[in-house]
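Visitor: Please see the structure below; I have some questions.
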Amino acid sequence: MNELHSTVSQQESAPFHTTHPHMPVVLDTLFSIRNVISAVIAPDGKRAAFVVREWVPDQPRQRGRVWCVNTAGGDPYPLSTGVLDDSAPSWSPDSQQLAFISKSGHEDEALLRIVPAQGGESRTICAMPNGISEANWSPDGSRIAFLSHDGPKPGDDPIILRPGEERYRRLWTVRPAYGTPESITPNGVSIWQYAWSPDSSQFAVYFATGPEYSDWYWGQVGIVAASGGAVRQLSQLDRQACSLAWSLDGNTIAYVSGNWSDPDRNGGDIYAISLTNGQTRNLTPELDWSPTWCSWLPDGRHLICAGFEGLSCQIGLLDSTTGKMTPLSSNFALGDRHWPHLSMTADRRYVVATHSEKHPYDVWFGELHYEDASVRDLTWKRLTRMNPQQEETLTLAKTERIRYESVDGWHIDALVTWPLHHEGSTPPPLILHVHGGPSGAWLDDGDYHSQYLAAAGFAVLRPNVRGSMGHGVAFADAVLGDMGGKDFQDALRGVDYLVERNLVDGERVGIMGWSYGGFLSAWAVTQTNRFKAAIMGAGISDFHSYHAQSNEQGWDMRFLGQNGHPIDPLTHPEAYRERSPITYARRVTTPTMVVHGEKDLCVPVSQAYGFYRALQENGVDAVLAVYPREGHGLGELKHQRDYQQRVLAWFKQHLLKQS
């Protein structure tokens with residue numbers, strides 16, 4: 001008997017025996033959670049600030065609040081109050097104040113505010129009509145930098161598109177005692193990420209020369225004076241870059257580079273650019289995991305790195321001279337979705353991060369232990385417990401890690417969450433859940449959405465197919481030019497793996513996904529009839545019209561092509577047609593629910609209408625749910641609740657009716 005089957009059999013023969021008040025994850029559970037993100041440690045290591053996002057009564061969307069906790073222990077306490085949505089905390093170098101961003105409900109208007117570290121009244125430093133992001137205090141404490149679009153927002157009556165008239169993302173600074181924002185970068189350059197130099201005299205930037213959202217795909221690394229001026233390009237990238245990190249002597253800039261589907265996610269190799277001789281080195285060639293963040297240590301030779309590894313995360317010590325990577329923490333799931341990272345003190349001795357095991361993420365405090373000026377190990381201590389009721393009262397279904405062989409002999413990591421209770425002689429129905437991106441990854445963390453489905457009687461399979469983070473650049477790049485190809489086979493092989501072992505019912509399998517996962521769900525029902533139900537969430541059905549309307553048209557150009565060889569519908573119309581699910585819609589027989597946000601700029605809602613209409617005219621059992629005011633994700637509470645209810649009802653209707 002194989003190990004997985006043995007484990008599952010034990011679970012089924014000895015089900016959980018719950019006593020009051022333990023309960024399974026239900027719909028209301030999903031909206032009772034405090035989400036902990038953006039943990040940052042004070043430079044003196046004595047406090048950690050973080051953001052708590054939660055649903056509050058009578059509010060349509062989640063609200064963020066900045067909280068603080070002493071690293072020596074004690075109860076966390078809120079620092080920000082009021083009706084605004086707060087985010088992006090940044091400590092002053094003296095650890096006495098915290099800057100953060102407050103957004104109102106009016107357009108994109110945002111405030112930059114400061115609050116004392118011990119709590120009290122906050123004060124507004126400046127306001128920006130076009131939003132604020134990435135606020136960070138300078139190392140010398142004299143200024144706060146941030147990003148914001150320039151110029152007035154374009155009118156929408158009529159909508160006029162003309163090259164060269166879009167707004168650029170500028171880098172700004174503001175002096176806390178002065179309050180007037182000062183533009184650092186000129187017109188003609190968009191800044192996507194930046195990092196202060198250790199002496200506060202300049203910035204490292206990831207920039208693009210075009211103003212459009214999609215220009216991010218063609219960015220480069222450069223530097224600009226902190227007093228303002230032209231950006232000097234340093235790199236010759238053929239992939240994107242992020243997580244810029246200065247060495248403490250100011251002579252080297254490290255960064256992570258790879259091919260990524262979205263600006264909010266990353267993972268790849270770590271490179272270093274010397275500012276003394278201009279040379280660029282790949283510090284991690286052939287690395288089999290995906291760093292997403294790095295920071296130099298005082299010796300100028302080693303870096304602390306963090307990122308995706310398989311179904312979890314790794315924190316490692318990188319020797320920039322030899323390329324040797326020494327694990328410090330393995331199997332340690334880090335939060336903040338697509339950018340696992342740490343926050344470090346200036347002396348590189350203490351860190352904080354968000355970490356999850358079986359429940360939602362909390363803030364953890366880490367200490368780096370040195371021996372002869374070299375890091376020996378890293379120890380962790382939990383600082384917060386923001387969801388105690390869920391931890392103590394929920395009965396969770398068992399989640400297991402599996403690894404199976406796919407096409408070309410590649411091995412795929414996946415998570416299986418088994419039904420909380422299963423009765424009957426036949427195996428349970430299965431839902432294949434495909435993640436977005438494709439530059440994403442499932443982590444073995446507190447995923448209550450899978451628990452919600454498991455509590456209703458479903459097994460849930462979440463594979464990290466090729467294109468995912470966690471196994472290095474070659475694994476991530478394998479999806480280029482082959483979307484819906486071997487990545488789809490990776491997903492199907494996971495279903496086969498479970499069916500062949502009689503662990504799930506091969507006649508009752510559904511598929512779902514959002515964004516790229518929505519595309520693969522639509523693709524799946526055009527390529528096979530093995531799925532009895534599908535949910536296409538914010539997915540692409542027609543790459544031609546997607547390219548025409550999306551604000552991320554650089555994505556299809558790069559991911560339908562090859563690295564360094566992008567394509568477009570004018571030069572390769574056959575590739576755009578070949579990889580579009582709608583091309584094969586005549587084959588579909590699978591009942592399919594199509595879900596989309598009305599105002600989605602990334603994947604325009606026309607993708608949903610087109611696929612639904614094709615299925616309808618083909619006589620397929622199809623439903624279309626379009627949520628007004630929503631973008632590429634659902635933000636309103638009533639829409640989230642409706643969507644989750646529809647997901648469960650759809651799979652119950654089509655997968656449980658035969659049991």
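Conditions tested, residue by residue: (1) exposed (fewer than 15 other Cβ atoms within 10 Å of the Cβ); (2) farther than 18 Å from S450 by Cβ; (3) modelled with pLDDT of 95 or more.
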residue: F611; (1), (2), (3): no, yes, yes
residue: A614; (1), (2), (3): no, yes, yes
residue: V623; (1), (2), (3): no, yes, yes
residue: V626; (1), (2), (3): no, yes, yes
residue: G631; (1), (2), (3): no, yes, yes
residue: Q640; (1), (2), (3): no, no, yes
residue: Q644; (1), (2), (3): no, no, yes
residue: W650; (1), (2), (3): no, no, yes
residue: Q653; (1), (2), (3): yes, yes, yes
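Visitor: All but one of (1) closer than 19 Å to H654 by Cβ; (2) touching a Lys or Arg at 6+ places or on another chain (Cβ under 6 Å) hold for L453; state the number of the condition that does not hold.
Guide: (2)
Visitor: Is there a residue being open to solvent by less than 40 Å² (accessible area, probe 1.4 Å) and part of a strand (DSSP E or B) anywhere in region 153-169?
Guide: Within region 153-169, not a single residue is open to solvent by less than 40 Å² (accessible area, probe 1.4 Å) and part of a strand (DSSP E or B).
Visitor: If you don't mind, another one. Let me spell it out: the conditions are (1) in contact (Cβ under 8 Å) with a residue 40 or more places away in the chain; (2) of a type outside the set (S, T, Y); (3) more than 27 Å from C294 (Cα to Cα); (4) not in a strand (DSSP E or B), and E391 meets all of them except one. Which number is the exception?
Guide: The one condition E391 does not meet is (1).
Visitor: Anything in region 117-134 that is at positive phi and part of a loop (DSSP other than H, G, I, E, B)? List them, or say none.
Guide: G119, G120, G131
Visitor: What are the pairs with Cβ atoms under 6 angstrom where one residue, in region 196-220, is part of a helix (DSSP H, G or I) and the other, located anywhere, is of a type in the set (D, E, K, R)? Sequence gap at least six, or different chains.
Guide: These pairs meet every condition: S214/E552; Y217/R558.
Visitor: Within region 605-642, how many residues turn out to be assigned to a helix (DSSP H, G or I), free of Cβ contacts under 8 Å to residues at least 60 places away in the same chain and either under 20 Å from S580 (Cα atoms) or out of contact with any strand residue (DSSP E or B) (no Cβ under 7 Å at 6 or more places or on another chain) (or both)?
Guide: Here the count works out to 7.
Visitor: Can you name every residue in region 526-539 that is open to solvent by 10 Å² or more (accessible area, probe 1.4 Å) and not basic (K, R)?
Guide: Q527, T528, N529, listed by residue number.
Visitor: Out of the residues in region 179-195 meeting the condition of being of a type in the set (G, A, S) and in a loop (DSSP other than H, G, I, E, B), tell me which one is nearest to E166 (Cα to Cα).
Guide: It comes out as G188.
Visitor: Checking T284 against (1) assigned to a loop (DSSP other than H, G, I, E, B); (2) of a type in the set (S, T, Y); (3) in contact (Cβ under 8 Å) with a residue 60 or more places away in the chain, only one condition comes out false. Which one?
Guide: Among (1) assigned to a loop (DSSP other than H, G, I, E, B); (2) of a type in the set (S, T, Y); (3) in contact (Cβ under 8 Å) with a residue 60 or more places away in the chain, T284 violates only (3).
For every residue, the table says whether it meets (1) within 22 Å of A272 (Cβ to Cβ); (2) in contact with a Phe, Trp or Tyr (Cβ under 9 Å, 6 or more places away or on another chain).
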| position | (1), (2) |
| --- | --- |
| G310 | no, yes |
| L317 | yes, no |
| D377 | no, no |
| W410 | no, yes |
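Visitor: While we're here: Please determine, by comparing only the residues of region 576-595 that are assigned to a helix (DSSP H, G or I) and open to solvent by less than 10 Å² (accessible area, probe 1.4 Å), which one is nearest to G561 (Cα to Cα).
Guide: Y576
Visitor: Scan region 181-188 and give yes if some residue there is over 21 Å from D556 (Cα atoms), crowded, with 20+ Cβ neighbours inside 10 Å and touching a Gly at 6+ places or on another chain (Cβ under 8 Å), otherwise no.
Guide: There is at least one residue in region 181-188 that is over 21 Å from D556 (Cα atoms), crowded, with 20+ Cβ neighbours inside 10 Å and touching a Gly at 6+ places or on another chain (Cβ under 8 Å).
Visitor: From the list A99, A145, A72, which residue is aliphatic (A, V, I, L, M), open to solvent by 40 Å² or more (accessible area, probe 1.4 Å) and either on the phi > 0 side of the Ramachandran plot or at pLDDT 95 or above (or both)?
Guide: Result of the check over A99, A145, A72: A72.
Visitor: Now a separate question. For region 229-251, indicate whether the set of residues that are open to solvent by 20 Å² or more (accessible area, probe 1.4 Å), more than 19 Å from Q202 (Cβ to Cβ) and either without any contact (Cβ under 8 Å) to a residue 60 or more places away in the chain or not in a loop (DSSP other than H, G, I, E, B) (or both) is non-empty.
Guide: Scanning region 229-251 turns up at least one residue that is open to solvent by 20 Å² or more (accessible area, probe 1.4 Å), more than 19 Å from Q202 (Cβ to Cβ) and either without any contact (Cβ under 8 Å) to a residue 60 or more places away in the chain or not in a loop (DSSP other than H, G, I, E, B) (or both).
Visitor: Going by the conditions given, is A72 outside any loop (DSSP other than H, G, I, E, B), touching a residue at least 12 places away in the same chain (Cβ under 8 Å) and of a type in the set (A, V, I, L, M)?
Guide: no
Listed here are the residues, each with its yes/no results for (1) aromatic (F, W, Y); (2) closer than 16 Å to V40 by Cβ.
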site	(1), (2)
S90	no, yes
F100	yes, yes
P129	no, no
R143	no, no
K153	no, no
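Visitor: Regarding D86, is this residue under 19 Å from V36 (Cα atoms), among the acidic types (D, E) and part of a strand (DSSP E or B)?
Guide: The answer is yes for D86.
Visitor: Enumerate the pairs (first residue in region 496-512 and farther than 17 Å from P591 by Cβ; second residue anywhere and among the charged types (D, E, K, R) and at pLDDT 95 or above) with beta-carbon separation below 8 Å, excluding pairs fewer than 6 apart on the same chain, so at least 6 apart or on different chains.
Guide: Close Cβ pairs (under 8 Å, with a partner that is among the charged types (D, E, K, R) and at pLDDT 95 or above) amount to V499/D505; G506/R530.
Visitor: Residue by residue through region 452-487, note down the ones that are surrounded by fewer than 24 Cβ atoms within 10 Å (Cβ to Cβ), in contact with a strand residue (DSSP E or B) (Cβ under 7 Å, 6 or more places away or on another chain) and over 21 Å from F519 (Cα atoms).
Guide: G472, V473, listed by residue number.
The values are calculated or read from the model by the stated rules, or taken from the named source; none is laboratory data. From a predicted model like this one, the values you see are computed outputs, not experimental measurements. Using ideal geometry, Cβ is built from the backbone for each residue, glycine included, and neighbour counts are taken over all protein chains shown. Remember, those area values only see protein heavy atoms, side chains included, never the ligands or the DNA or RNA. Shrake-Rupley method; radii C 1.70, N 1.55, O 1.52, S 1.80 Å.
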